[in-house]
Amino acid sequence: MNILKRRSWELAEREATPEHVFMNRRQILAGLAGSGVLLGSGLGTRPAYAEEDPSAGLYPVPRNEAYKLDRELTGEEIASKYNNFYEFGSHKQIWPAAQKLAIRPWTVTLDGMIDNPQTIGIDDLLAKMQLEERLYRHRCVEAWSMSVPWSGFPLADLVRLAGPKTGVKYLRFETFHDPSVASGQKQSWYPWPYIEGLTLEEATNELAFIATGVYGKPLPRQFGAPIRLATPWKYGFKSIKSIVKITFTDQRPVSFWEEIQPQEYGFWANVNPKVPHRRWPQSSEALLGTNERRDTLLFNGYAEQVASLYKDMEGEALYM
Ligand code: MTE
(Lines give C-alpha, C1' and ligand atoms only; values in the text may rest on other atoms or scores of the structure.)
Protein backbone atom coordinates (compact mmCIF):
# COMPACT_ATOMS: atom_id res chain seq x y z
CA MET A 1 0.00 0.00 0.00
CA ASN A 2 2.84 2.31 0.76
CA ILE A 3 3.66 3.44 -2.70
CA LEU A 4 6.00 6.31 -1.97
CA LYS A 5 9.11 5.34 -0.04
CA ARG A 6 8.58 1.89 1.39
CA ARG A 7 6.55 -1.11 0.41
CA SER A 8 5.29 -2.37 3.70
CA TRP A 9 2.45 -4.49 2.32
CA GLU A 10 4.82 -6.98 0.80
CA LEU A 11 3.64 -10.52 0.44
CA ALA A 12 6.59 -11.75 2.47
CA GLU A 13 4.74 -10.47 5.53
CA ARG A 14 1.52 -12.21 4.71
CA GLU A 15 2.29 -15.36 6.65
CA ALA A 16 1.74 -14.11 10.17
CA THR A 17 3.51 -15.90 12.99
CA PRO A 18 1.29 -18.73 14.18
CA GLU A 19 -0.64 -17.95 17.33
CA HIS A 20 1.15 -20.46 19.55
CA VAL A 21 4.55 -18.84 19.08
CA PHE A 22 3.40 -15.42 20.20
CA MET A 23 4.28 -14.48 23.74
CA ASN A 24 1.22 -13.97 25.85
CA ARG A 25 0.08 -10.45 26.65
CA ARG A 26 1.52 -10.33 30.12
CA GLN A 27 4.92 -11.44 28.91
CA ILE A 28 4.88 -8.83 26.16
CA LEU A 29 3.77 -6.02 28.43
CA ALA A 30 6.24 -7.07 31.09
CA GLY A 31 8.95 -7.12 28.45
CA LEU A 32 8.03 -3.68 27.15
CA ALA A 33 7.83 -2.22 30.64
CA GLY A 34 11.18 -3.79 31.51
CA SER A 35 12.77 -2.33 28.41
CA GLY A 36 11.43 1.10 29.25
CA VAL A 37 9.27 1.25 26.13
CA LEU A 38 6.05 1.65 28.06
CA LEU A 39 7.41 3.96 30.71
CA GLY A 40 9.50 5.96 28.28
CA SER A 41 6.48 6.79 26.17
CA GLY A 42 4.21 7.49 29.10
CA LEU A 43 2.28 4.30 28.48
CA GLY A 44 2.93 2.86 31.89
CA THR A 45 -0.18 4.59 33.19
CA ARG A 46 -2.34 3.99 30.14
CA PRO A 47 -4.59 0.98 29.68
CA ALA A 48 -2.96 -1.09 26.96
CA TYR A 49 -5.84 -3.42 26.21
CA ALA A 50 -9.47 -3.16 25.48
CA GLU A 51 -10.47 -4.94 28.69
CA GLU A 52 -9.82 -1.64 30.47
CA ASP A 53 -11.98 0.36 28.08
CA PRO A 54 -14.89 2.12 29.85
CA SER A 55 -17.34 0.46 27.45
CA ALA A 56 -16.06 -3.04 28.31
CA GLY A 57 -19.27 -3.87 30.20
CA LEU A 58 -21.28 -3.65 26.96
CA TYR A 59 -19.54 -6.69 25.46
CA PRO A 60 -19.94 -9.42 24.38
CA VAL A 61 -23.06 -8.58 22.38
CA PRO A 62 -25.54 -10.99 20.74
CA ARG A 63 -24.39 -12.45 17.44
CA ASN A 64 -26.45 -11.77 14.32
CA GLU A 65 -26.48 -15.24 12.78
CA ALA A 66 -27.38 -13.86 9.34
CA TYR A 67 -23.68 -13.24 8.68
CA LYS A 68 -21.88 -16.54 8.32
CA LEU A 69 -18.36 -17.44 7.29
CA ASP A 70 -17.09 -20.08 4.90
CA ARG A 71 -13.83 -20.37 6.85
CA GLU A 72 -12.47 -20.32 10.39
CA LEU A 73 -12.20 -17.08 12.34
CA THR A 74 -8.68 -15.68 12.40
CA GLY A 75 -7.13 -16.08 15.86
CA GLU A 76 -7.33 -12.97 18.02
CA GLU A 77 -3.60 -12.93 18.69
CA ILE A 78 -2.86 -12.99 14.97
CA ALA A 79 -5.42 -10.36 13.97
CA SER A 80 -4.38 -7.99 16.76
CA LYS A 81 -0.71 -8.03 15.91
CA TYR A 82 -0.90 -7.66 12.14
CA ASN A 83 -2.52 -4.33 11.40
CA ASN A 84 -2.41 -1.50 8.94
CA PHE A 85 -2.66 1.83 10.72
CA TYR A 86 -0.25 4.20 9.01
CA GLU A 87 -0.75 6.84 11.67
CA PHE A 88 1.43 4.60 13.87
CA GLY A 89 3.88 3.27 11.28
CA SER A 90 4.05 1.82 7.80
CA HIS A 91 4.50 -1.78 8.91
CA LYS A 92 2.25 -4.42 10.40
CA GLN A 93 3.46 -4.45 14.00
CA ILE A 94 2.07 -1.07 15.02
CA TRP A 95 0.14 -2.44 17.98
CA PRO A 96 2.59 -1.24 20.68
CA ALA A 97 2.78 2.28 19.18
CA ALA A 98 -1.01 2.47 18.84
CA GLN A 99 -1.45 2.10 22.62
CA LYS A 100 -0.55 5.79 22.84
CA LEU A 101 -3.91 6.74 21.36
CA ALA A 102 -6.21 8.22 24.02
CA ILE A 103 -9.69 6.85 23.34
CA ARG A 104 -11.55 8.92 25.98
CA PRO A 105 -12.80 11.57 25.72
CA TRP A 106 -13.72 10.78 22.09
CA THR A 107 -16.35 12.50 20.02
CA VAL A 108 -17.74 11.92 16.55
CA THR A 109 -19.02 14.91 14.60
CA LEU A 110 -21.86 14.45 12.15
CA ASP A 111 -22.07 17.43 9.81
CA GLY A 112 -22.81 18.60 6.28
CA MET A 113 -26.19 18.23 4.58
CA ILE A 114 -28.14 16.73 7.49
CA ASP A 115 -31.09 17.61 9.70
CA ASN A 116 -29.35 16.72 12.97
CA PRO A 117 -25.77 18.03 12.97
CA GLN A 118 -24.09 17.10 16.23
CA THR A 119 -20.92 16.19 18.03
CA ILE A 120 -21.61 13.14 20.12
CA GLY A 121 -19.46 11.43 22.76
CA ILE A 122 -18.65 7.82 21.96
CA ASP A 123 -20.33 6.48 25.11
CA ASP A 124 -23.53 8.44 24.37
CA LEU A 125 -23.46 7.08 20.85
CA LEU A 126 -22.96 3.52 22.08
CA ALA A 127 -25.92 3.97 24.45
CA LYS A 128 -28.17 4.96 21.53
CA MET A 129 -27.28 2.02 19.33
CA GLN A 130 -28.32 -1.61 19.37
CA LEU A 131 -25.04 -3.50 19.35
CA GLU A 132 -24.63 -6.85 17.63
CA GLU A 133 -21.81 -9.15 16.56
CA ARG A 134 -21.18 -10.07 12.94
CA LEU A 135 -18.62 -12.48 11.50
CA TYR A 136 -17.14 -10.78 8.44
CA ARG A 137 -14.42 -11.55 5.96
CA HIS A 138 -11.81 -8.81 5.69
CA ARG A 139 -9.74 -8.66 2.49
CA CYS A 140 -6.67 -6.50 2.01
CA VAL A 141 -5.64 -5.31 -1.46
CA GLU A 142 -2.30 -6.88 -0.64
CA ALA A 143 -4.00 -10.25 -1.17
CA TRP A 144 -4.21 -11.49 2.40
CA SER A 145 -7.43 -11.97 4.28
CA MET A 146 -8.79 -12.45 7.78
CA SER A 147 -12.13 -13.37 9.28
CA VAL A 148 -13.14 -11.16 12.14
CA PRO A 149 -15.99 -11.08 14.70
CA TRP A 150 -16.86 -7.38 14.75
CA SER A 151 -19.24 -5.90 17.31
CA GLY A 152 -21.05 -2.68 16.52
CA PHE A 153 -24.10 -1.44 14.66
CA PRO A 154 -25.23 -0.91 11.06
CA LEU A 155 -23.94 2.30 9.52
CA ALA A 156 -27.53 2.82 8.34
CA ASP A 157 -28.49 3.49 11.99
CA LEU A 158 -25.97 6.31 12.17
CA VAL A 159 -27.21 7.71 8.86
CA ARG A 160 -30.72 7.72 10.34
CA LEU A 161 -29.48 9.58 13.41
CA ALA A 162 -27.90 12.23 11.16
CA GLY A 163 -30.99 12.59 8.95
CA PRO A 164 -29.55 13.25 5.48
CA LYS A 165 -31.18 16.04 3.49
CA THR A 166 -32.33 15.60 -0.09
CA GLY A 167 -29.34 15.80 -2.40
CA VAL A 168 -26.83 13.94 -0.20
CA LYS A 169 -24.83 11.54 -2.33
CA TYR A 170 -21.78 10.66 -0.27
CA LEU A 171 -20.43 10.19 3.24
CA ARG A 172 -16.91 11.46 3.89
CA PHE A 173 -15.17 9.84 6.88
CA GLU A 174 -12.23 11.40 8.69
CA THR A 175 -9.73 9.94 11.20
CA PHE A 176 -8.21 11.90 14.12
CA HIS A 177 -5.17 14.06 13.37
CA ASP A 178 -2.62 14.39 16.16
CA PRO A 179 1.04 13.97 15.16
CA SER A 180 2.08 14.26 18.82
CA VAL A 181 0.37 10.90 19.42
CA ALA A 182 0.61 9.30 15.98
CA SER A 183 4.17 9.68 14.78
CA GLY A 184 3.24 8.50 11.27
CA GLN A 185 1.36 11.77 10.90
CA LYS A 186 4.69 13.59 11.05
CA GLN A 187 5.43 12.09 7.63
CA SER A 188 4.47 15.06 5.55
CA TRP A 189 4.36 13.17 2.24
CA TYR A 190 1.08 11.59 3.35
CA PRO A 191 -2.11 13.66 2.99
CA TRP A 192 -3.26 13.42 6.64
CA PRO A 193 -5.79 12.99 8.07
CA TYR A 194 -6.87 9.62 6.67
CA ILE A 195 -10.08 10.10 4.64
CA GLU A 196 -12.48 7.61 3.13
CA GLY A 197 -15.82 7.80 1.39
CA LEU A 198 -18.94 5.81 0.49
CA THR A 199 -22.02 6.63 -1.51
CA LEU A 200 -25.19 7.07 0.54
CA GLU A 201 -26.53 3.86 -1.04
CA GLU A 202 -23.41 1.95 0.02
CA ALA A 203 -23.58 3.43 3.51
CA THR A 204 -27.17 2.30 3.96
CA ASN A 205 -26.57 -1.18 2.55
CA GLU A 206 -27.17 -3.78 5.26
CA LEU A 207 -23.50 -4.90 5.19
CA ALA A 208 -21.95 -1.50 5.95
CA PHE A 209 -21.08 -1.75 9.62
CA ILE A 210 -19.64 0.52 12.26
CA ALA A 211 -17.37 -1.57 14.48
CA THR A 212 -16.86 -0.56 18.10
CA GLY A 213 -15.68 -3.94 19.31
CA VAL A 214 -14.03 -7.14 18.17
CA TYR A 215 -13.55 -10.63 19.67
CA GLY A 216 -16.28 -9.86 22.20
CA LYS A 217 -14.53 -6.78 23.63
CA PRO A 218 -14.20 -3.08 22.85
CA LEU A 219 -11.91 -2.40 19.89
CA PRO A 220 -8.24 -2.43 20.82
CA ARG A 221 -6.47 0.70 19.63
CA GLN A 222 -4.61 -1.03 16.79
CA PHE A 223 -7.97 -2.02 15.26
CA GLY A 224 -9.08 1.63 15.12
CA ALA A 225 -10.61 2.25 18.55
CA PRO A 226 -13.05 3.44 19.53
CA ILE A 227 -15.01 3.45 16.25
CA ARG A 228 -14.22 2.30 12.71
CA LEU A 229 -15.86 1.24 9.50
CA ALA A 230 -16.19 -2.33 8.19
CA THR A 231 -17.20 -2.71 4.52
CA PRO A 232 -16.37 -6.37 3.84
CA TRP A 233 -17.10 -6.30 0.10
CA LYS A 234 -14.40 -3.67 -0.42
CA TYR A 235 -10.64 -3.79 0.04
CA GLY A 236 -9.57 -3.14 3.62
CA PHE A 237 -8.25 0.37 3.00
CA LYS A 238 -11.87 1.58 2.76
CA SER A 239 -12.45 0.51 6.38
CA ILE A 240 -11.28 3.71 8.00
CA LYS A 241 -10.17 3.57 11.64
CA SER A 242 -10.61 5.84 14.67
CA ILE A 243 -13.27 8.05 13.06
CA VAL A 244 -13.83 11.58 14.40
CA LYS A 245 -16.04 13.06 11.69
CA ILE A 246 -18.61 12.00 9.11
CA THR A 247 -19.67 14.62 6.59
CA PHE A 248 -22.76 14.17 4.41
CA THR A 249 -22.15 15.79 1.05
CA ASP A 250 -23.02 15.93 -2.63
CA GLN A 251 -19.32 15.91 -3.56
CA ARG A 252 -17.42 12.65 -4.02
CA PRO A 253 -14.66 12.53 -1.38
CA VAL A 254 -11.09 11.87 -2.45
CA SER A 255 -9.72 9.22 -0.14
CA PHE A 256 -6.26 9.10 1.43
CA TRP A 257 -4.82 6.47 -0.92
CA GLU A 258 -6.64 7.80 -3.97
CA GLU A 259 -5.08 11.20 -3.37
CA ILE A 260 -1.60 9.65 -3.23
CA GLN A 261 -1.93 7.28 -6.17
CA PRO A 262 -5.23 7.48 -8.11
CA GLN A 263 -4.08 4.92 -10.71
CA GLU A 264 -3.78 2.30 -7.98
CA TYR A 265 -6.49 3.13 -5.46
CA GLY A 266 -9.92 4.08 -6.69
CA PHE A 267 -13.05 5.28 -4.95
CA TRP A 268 -14.99 2.03 -5.41
CA ALA A 269 -12.34 -0.47 -4.35
CA ASN A 270 -14.74 -3.39 -4.60
CA VAL A 271 -13.01 -6.74 -4.25
CA ASN A 272 -12.71 -8.09 -7.79
CA PRO A 273 -10.54 -11.10 -8.68
CA LYS A 274 -10.50 -10.05 -12.34
CA VAL A 275 -8.94 -6.65 -11.81
CA PRO A 276 -5.31 -6.97 -10.71
CA HIS A 277 -3.63 -4.27 -8.72
CA ARG A 278 -0.38 -3.07 -10.24
CA ARG A 279 1.60 -5.04 -7.66
CA TRP A 280 -0.81 -7.65 -6.35
CA PRO A 281 -2.81 -10.01 -8.57
CA GLN A 282 -6.24 -10.32 -6.96
CA SER A 283 -7.30 -13.75 -8.22
CA SER A 284 -6.48 -15.46 -4.93
CA GLU A 285 -5.74 -14.60 -1.33
CA ALA A 286 -3.69 -15.95 1.57
CA LEU A 287 -5.72 -16.70 4.70
CA LEU A 288 -3.73 -15.11 7.46
CA GLY A 289 -2.45 -17.48 10.12
CA THR A 290 -2.88 -20.56 7.88
CA ASN A 291 -1.08 -22.02 4.90
CA GLU A 292 -4.25 -21.84 2.87
CA ARG A 293 -4.83 -19.89 -0.34
CA ARG A 294 -8.31 -19.48 -1.76
CA ASP A 295 -9.73 -18.10 -4.94
CA THR A 296 -11.00 -14.58 -4.38
CA LEU A 297 -14.71 -14.01 -4.97
CA LEU A 298 -16.29 -10.98 -6.61
CA PHE A 299 -17.34 -8.54 -3.89
CA ASN A 300 -15.41 -10.79 -1.49
CA GLY A 301 -18.31 -13.24 -1.61
CA TYR A 302 -20.97 -10.65 -0.73
CA ALA A 303 -22.47 -10.23 -4.22
CA GLU A 304 -25.91 -11.22 -2.98
CA GLN A 305 -26.03 -8.19 -0.68
CA VAL A 306 -24.22 -5.58 -2.78
CA ALA A 307 -24.20 -6.44 -6.51
CA SER A 308 -27.39 -4.43 -7.07
CA LEU A 309 -25.57 -1.26 -5.96
CA TYR A 310 -23.39 -1.43 -9.05
CA LYS A 311 -25.81 -2.76 -11.67
CA ASP A 312 -25.78 0.30 -13.90
CA MET A 313 -22.06 0.83 -13.69
CA GLU A 314 -20.75 -1.65 -16.22
CA GLY A 315 -18.60 1.05 -17.80
CA GLU A 316 -16.82 1.80 -14.55
CA ALA A 317 -14.22 -0.70 -13.34
CA LEU A 318 -15.45 -2.09 -10.04
CA TYR A 319 -11.99 -2.05 -8.59
CA MET A 320 -11.43 1.56 -9.48
N1 MTE B 1 -7.57 3.69 8.79
C2 MTE B 1 -6.68 4.61 9.15
N3 MTE B 1 -7.10 5.70 9.83
N4 MTE B 1 -5.36 4.50 8.88
C5 MTE B 1 -4.88 3.42 8.15
O6 MTE B 1 -3.67 3.35 7.88
N7 MTE B 1 -5.42 1.34 6.99
C8 MTE B 1 -6.47 0.70 6.20
C9 MTE B 1 -7.74 0.46 7.00
N10 MTE B 1 -8.08 1.63 7.77
C11 MTE B 1 -5.81 2.43 7.74
C12 MTE B 1 -7.17 2.60 8.11
C13 MTE B 1 -6.01 -0.55 5.64
S14 MTE B 1 -4.90 -0.38 4.40
C15 MTE B 1 -6.47 -1.75 6.04
S16 MTE B 1 -6.09 -3.19 5.20
C17 MTE B 1 -7.31 -1.88 7.23
O18 MTE B 1 -7.53 -0.64 7.89
C19 MTE B 1 -6.64 -2.82 8.21
O20 MTE B 1 -7.49 -3.12 9.27
P21 MTE B 1 -6.99 -4.10 10.41
O22 MTE B 1 -5.69 -3.60 10.95
O23 MTE B 1 -8.08 -4.13 11.43
O24 MTE B 1 -6.80 -5.46 9.75
Screening VAL214, VAL244, VAL271 for residues that are among the aliphatic types (A, V, I, L, M), open to solvent by 20 Å² or more (accessible area, probe 1.4 Å) and within 16 Å of the ligand (Cβ to nearest atom) leaves only VAL244
For the stretch 238-275, how many residues meet the condition of being touching a Phe, Trp or Tyr at 6+ places or on another chain (Cβ under 6 Å) and free of Cβ contacts under 8 Å to residues at least 24 places away in the same chain?
1
Quick one: GLU201 ticks every box in (1) farther than 21 Å from ALA156 by Cβ; (2) open to solvent by 10 Å² or more (accessible area, probe 1.4 Å); (3) assigned to a helix (DSSP H, G or I) except a single one, so which number is it?
(1)
On the given criteria, is PRO232 within 20 Å of VAL271 (Cα to Cα) and touching a residue at least 40 places away in the same chain (Cβ under 8 Å)?
yes
Can you confirm whether the stretch 277-295 contains a residue that is within 16 Å of the ligand (Cβ to nearest atom), among the aromatic types (Phe, Trp, Tyr) and within 30 Å of GLU77 (Cβ to Cβ)?
yes
Can you name the residue in the stretch 55-83 that is modelled with pLDDT of 95 or more, touching a helix residue (DSSP H, G or I) at 6+ places or on another chain (Cβ under 9 Å) and part of a loop (DSSP other than H, G, I, E, B) and, of all such residues, is surrounded by the fewest Cβ atoms within 10 Å (Cβ to Cβ)?
LEU73
When you scan the stretch 90-108, do you find a residue that is assigned to a strand (DSSP E or B) and at pLDDT 95 or above, even just one?
yes
Looking at this structure, is SER255 among the hydroxyl-bearing types (Ser, Thr, Tyr), under 25 Å from MET113 (Cα atoms) and either touching a Lys or Arg at 6+ places or on another chain (Cβ under 6 Å) or surrounded by 17 or more Cβ atoms within 10 Å (Cβ to Cβ) (or both)?
yes
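Of the residues PRO179, PRO149, PRO164, PRO191, which is under 15 Å from the mean Cα position of the chain (by Cα) and not β-branched (Val, Ile, Thr)?
PRO149
The values are calculated or read from the model by the stated rules, or taken from the named source; none is laboratory data. Quantities reported herein were computed from a predicted structural model and do not represent experimental measurements. Neighbour counts run over all protein chains shown; Cβ positions are idealised from the backbone, glycine included. Just so you know, the surface numbers come from the protein's heavy atoms only, side chains and all, with ligands and any DNA or RNA stripped out. Shrake-Rupley method; radii C 1.70, N 1.55, O 1.52, S 1.80 Å.
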